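The values are calculated or read from the model by the stated rules, or taken from the named source; none is laboratory data. No experiment lies behind these values; they were computed from the predicted model shown. Quick reminder, even Gly has a Cβ in these numbers, built from the backbone with ideal geometry, and neighbours come from all protein chains shown. What goes into the accessible areas is simple: the full protein's heavy atoms, side chains included, and nothing from ligands, DNA or RNA. Shrake-Rupley method; radii C 1.70, N 1.55, O 1.52, S 1.80 Å.
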Amino acid sequence: MRHSFTVKDYAPCVFSRIRALMGVTPELYLESLCSGLSFIDFIANSRSGQFFFYSFDGVFMIKTVRQDEKDFLLKLLPGYYKHLLKHALRPNMNASEAANVTFFPNANASLLTRFYGLHCTKLRHLRRKVHFVVMSSIYGANTSSRMIQFDLKGSHYNRSAKKEDKVLKDNDCVAMNVKLRVSKDKADALLDSARHDASFLARHGVMDYS
């Protein structure tokens with residue numbers, strides 16, 4: 001870049017522990033975010049006005065956040081880390097739990113978004129700060145254009161995508177008769193995860209979670 005800039009790293013110790021818990025090495029994190037200096041633009045049907053990007057290899061998703069969102073994530077962070085610790089699938093698990101290790105992302109029974117870092121870039125020439133959060137991408141390195149993507153909120157009200165939208169919504173999912181077929185034990189595990197994740201969000205007063 002021609003212009004100078006500075007980067008601030010928020011709560012580095014906590015986020016590094018979360019990355020370690022999820023098997024994200026420092027080398028992977030830095031290489032994915034810093035190598036090539038290019039990102040894949042991700043267009044979402046978001047009303048927030050924030051920007052979404054994939055890292056160049058598709059492993060992480062980057063989202064710009066407002067100042068109040070940054071402050072709230074930092075406030076939530078201690079409880080979020082404890083929640084992930086509580087629901088990590090341990091090496092001394094029983095046979096049925098061991099079968100779930102490959103089913104749950106990062107061998108963790110929480111389905112909450114994985115927040116891996118919170119940063120701020122100060123662009124001196126623009127006199128502007130940009131806060132952004134780094135999250136796991138559910139697609140990993142597979143960002144094939146053949147994938148059909150849905151933004152599901154569990155509501156029918158105003159939940160139909162426009163013709164030009166790339167990401168579909170709840171009513172589109174229903175109209176296409178999309179179903180998630182899993183075995184009973186995995187369905188029970190998913191419902192259990194949904195219950196303890198919802199309980200965590202309720203305790204922290206979070207309703208519109210994204």
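So here's what we get for this one:
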read-out: Residue list for the range 153-210, restricted to those being open to solvent by less than 70 Å² (accessible area, probe 1.4 Å), in a helix (DSSP H, G or I) and not charged (D, E, K, R); value: ASN171, CYS173, ALA187, ALA189, LEU190, SER193, ALA194, HIS196, ALA198, SER199, PHE200, LEU201
read-out: Only listed residue being under 23 Å from LYS70 (Cβ atoms) and modelled with pLDDT of 90 or more, chosen from HIS131, HIS156; value: HIS131
read-out: Single residue of the range 42-73 satisfying the filter (surrounded by 15 or more Cβ atoms within 10 Å (Cβ to Cβ) and of a type in the set (D, E, K, R)) that is modelled with the lowest pLDDT; value: ASP57
read-out: Given (1) in contact with a helix residue (DSSP H, G or I) (Cβ under 9 Å, 6 or more places away or on another chain); (2) among the aromatic types (Phe, Trp, Tyr); (3) at pLDDT below 85, number of the condition TYR139 does not satisfy; value: (1)
read-out: Cβ pairs under 6 Å, 6+ apart, first in the range 163-186 and within 14 Å of MET147 (Cα to Cα), second assigned to a loop (DSSP other than H, G, I, E, B) and open to solvent by 70 Å² or more (accessible area, probe 1.4 Å); value: LYS166/ILE43
